[in-house]
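What follows is a single structure, written as structure tokens, with notes after it.
The values are calculated or read from the model by the stated rules, or taken from the named source; none is laboratory data. On a predicted model such as this, the values are computed, not experimentally measured, just so you know. Every residue, glycine as well, gets a Cβ built from its backbone with ideal geometry; the counts of neighbours run over all protein chains shown. Just so you know, the surface numbers come from the protein's heavy atoms only, side chains and all, with ligands and any DNA or RNA stripped out. Shrake-Rupley method; radii C 1.70, N 1.55, O 1.52, S 1.80 Å.
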Amino acid sequence: MARRYDPERRRRIIEAAIRVVGRSGIAGLSHRSVAAEADVPLGSTTYHFKTLDELLVAALRQTNEGFAKAVASHGGLEDPRTDLATELAGLLGEWLAGERTGVELEYELYLAALRRPALRPVAAEWCEEVAELLSHRTDPVTARALVALMDGICLQALLTGTPYDEEYAREMLGRILPGN
């Protein structure tokens with residue numbers, strides 16, 4: 001029997017892994033569960049991703065793109081006339097008001113790096129990418145502090161279930177920025 005050419009299979013496997021983790025957590029992730037979700041043979045998942053850590057790295061890399069793209073596409077962040085703290089607080093509000101499962105999934109994969117060293121470089125890439133984008137408006141050290149604060153604010157909102165407080169976020173972000 002001839003092999004079927006399927007150039008999108010790898011991407012479908014990654015998306016299936018994201019759905020499995022979103023539904024069942026990382027504990028529910030296996031090559032078998034992903035193959036079933038992607039509707040591909042089990043061998044396809046192990047062909048493209050030898051280990052679950054490789055699959056998790058690909059899934060984390062794809063989910064990380066969400067917030068970094070939001071930061072990159074937010075026009076107000078580039079304009080030096082806008083208040084950066086207000087823009088960032090608004091961006092966080094938009095992101096957290098969106099599809100909650102996606103935000104929770106990003107953090108679940110991100111925090112999985114605590115126990116899975118293979119994920120750590122990808123988690124660090126996210127922080128570095130967002131800090132790089134913000135360093136166009138401030139110095140690199142302040143940009144990293146802004147990323148850490150935004151990360152903490154989001155994590156607290158997700159863990160406690162409390163509503164996001166945009167005014168609090170704006171005030172705290174403003175305290176970090178020079179000249180505020």
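Set side by side, the residues G93, G76 differ, and just one is without any contact (Cβ under 8 Å) to a residue 40 or more places away in the chain and among the small types (G, A, S), which is G76. Can you give me the number of residues within segment 134-144 that are in a helix (DSSP H, G or I) and open to solvent by 40 Å² or more (accessible area, probe 1.4 Å)? The qualifying residues number 3.
When you look at T160, is it farther than 22 Å from L96 by Cβ and polar (S, T, N, Q), yes or no? So T160 fails the test. Would you call L109 of a type in the set (A, V, I, L, M, F, W, C) and surrounded by 17 or more Cβ atoms within 10 Å (Cβ to Cβ)? Answer is yes for this residue. Within segment 38-69, the set of residues being of a type in the set (S, T, N, Q), free of Cβ contacts under 8 Å to residues at least 60 places away in the same chain and closer than 24 Å to W95 by Cβ comprises Q62, T63. In segment 153-170, of all residues being closer than 11 Å to L92 by Cβ and free of Cβ contacts under 8 Å to residues at least 40 places away in the same chain, the one that is least open to solvent (accessible area, probe 1.4 Å) corresponds to D165.
When A35 is tested against (1) touching a residue at least 40 places away in the same chain (Cβ under 8 Å); (2) in contact with a Leu (Cβ under 7 Å, 6 or more places away or on another chain), only condition (1) is not met. Residue count for segment 64-92 under the criterion of being open to solvent by less than 20 Å² (accessible area, probe 1.4 Å), out of contact with any Phe, Trp or Tyr (no Cβ under 8 Å at 6 or more places or on another chain) and at pLDDT 80 or above: the result is 6. Contact map, segment 103-124: first residue farther than 16 Å from A58 by Cβ, second residue open to solvent by 40 Å² or more (accessible area, probe 1.4 Å) and assigned to a helix (DSSP H, G or I), Cβ cut-off under 7 Å, separation 6 or more or different chains; pairs are Y107/L155. From the list V147, V130, V122, the one residue that fits, being open to solvent by less than 50 Å² (accessible area, probe 1.4 Å), within 30 Å of I14 (Cα to Cα) and in contact with a Leu (Cβ under 6 Å, 6 or more places away or on another chain), is V122. H48 meets all of the listed conditions (1) modelled with pLDDT under 90; (2) surrounded by 16 or more Cβ atoms within 10 Å (Cβ to Cβ); (3) touching a Lys or Arg at 6+ places or on another chain (Cβ under 8 Å) but one, namely (1).
Only one of the numbered conditions (1) touching a helix residue (DSSP H, G or I) at 6+ places or on another chain (Cβ under 7 Å); (2) without any contact (Cβ under 8 Å) to a residue 12 or more places away in the chain; (3) assigned to a helix (DSSP H, G or I) is violated by A85, and that is (2).
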